[in-house]
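Readers should treat all values here as calculations from the given coordinates under stated rules, not as data from a laboratory. All figures in this text were calculated on a predicted structure; none of them were measured in a lab. Quick reminder, even Gly has a Cβ in these numbers, built from the backbone with ideal geometry, and neighbours come from all protein chains shown.
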Amino acid sequence: MKAINPCTARRAYRAFTLIELLVVIAIIAILAALLFPVFAQAREQARKASCISNIKQCSLGALMYLQDYDESVVLCAVSSANSNGSDAFTWQDLIQPYTKNQRVLFCPDNLYQGSSYAWGGASGRATYDYMTSYGMTPVIGSLNGQLGTNYPSWITRDKAWIDQYVKPGTQYEGVAGWADMAGITVSFPSAYASPSATLAEIARPTEYAFIYDSEYFDGLFAFSELVDGMGWCEDMIADNGVINVQFVGPSPKHNNVSLNTCNESDPAGTRGFDKGFANFCFFDGHAKSMKMPNMLKTTPDGTHLLYYTISQ
């Protein structure tokens, strides 16, 4: 039997050189740099898909509510006074008997996921985080009831940045009623009620944007400056005190778009408004994701927003 040379045996197990090791590390780093963005995009697409599924379920719950209540749309907000004080509920609360799942009220891309977002601040009102993921447009009577006015519809605001997409004063309409009988859902003390629209009043159910990604349960329409609704920028304060400027109305939340979605002080300051996607569920129950400028299309006569108008 031939003896093994110890020197030859050591050479058979030669280790990597430093250059070879660095090349391997560099290849791994390059592959990681290429793959990590793909993984991030895949996660974002999963969040967007989960969000659109939530909106679909909320819409189906609202449509079941409609069938049980004489074909009237669910109220956007309602409050009542009783011997124990006052109670306030939003449309998200009212559809719970049908959805039976509170998690469908949270968009995975929303800032608030159970972090005690204060609704009404120091006034002692509710602190429900789910009010900040999805919204629906209230009837104009919700504003008229607050202010004692008689505006016929909401209109788009005259601001340079939104004027790039739609002319100021373009009309749009809501469908969700308002019954603030205890005067606690807004800062106005008077009690008032505005009925919801009925199924028969909605001329184009397949094209009306019923429930959508929003920063508030009513899309902040009822809290806008007078009748100047869509196109306004609202300051929303997060738990850490950082102010996030939101677009009043449907808000883009997806494709890694910042929550800062408009800038009134900059004529071209659209920020993420024209880059991100928002999910919409239409009144017939179908849902899809769209870029925001596409949702500002007008009717053929140019007087109304196509996807937010029930009378044409």
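Under 28 Å Cα-Cα from LYS56, which lysines qualify once same-chain neighbours fewer than 8 residues away are excluded?
Within the straight-line limit of under 28 Å, LYS56 reaches these lysines: LYS48, LYS100, LYS253, LYS275, LYS288, LYS291, LYS297.
Please give the FRET efficiency for LYS288 paired with SER80, using the beta carbon to beta carbon distance and R0 = 41 Å, rounded to the nearest 0.05.
E between LYS288 and SER80, to the nearest 0.05, is 0.70.
What is the sum of charges, Lys and Arg at +1 and Asp and Glu at -1, for the other residues whose Cβ falls under 15 Å from the Cβ of VAL139?
Within the 15 Å Cβ shell, the charges total -4.
Based on the Cβ-Cβ distance from SER53 to ASP163, what FRET efficiency comes out when R0 is 25 Å, to the nearest 0.05? Each step should come with its number before you reach the end.
Details: r = 35 Å, r/R0 = 1.39.
Here the calculated transfer efficiency is 0.10.
Give me the net charge of ASN294's neighbourhood, meaning all other residues with Cβ under 15 Å from the Cβ of ASN294; Lys, Arg count +1, Asp, Glu -1. Please report the intermediate quantities before stating the final value.
Working: positive: LYS275, LYS288, LYS291, LYS297; negative: GLU207, ASP213, ASP274.
Summing Lys and Arg as +1 and Asp and Glu as -1 gives +1.
Once the other residues with Cβ under 9 Å from the Cβ of ALA278 are scored (Lys, Arg +1; Asp, Glu -1), what is the net sum? Write out the running numbers ahead of the final one.
Details: positive: LYS253, LYS291; negative: ASP213.
That works out to +1.
Could you calculate the contour length gain from ILE19 to THR149, that is, 0.36 nm times the residue separation minus the distance between their Cα atoms, to one decimal place in nm? Numbers along the way, then the final one.
Numbers: separation 130, 0.36 × 130 = 46.80 nm, distance 7.77 nm.
Extra length from ILE19 to THR149 when fully extended: 39.0 nm.
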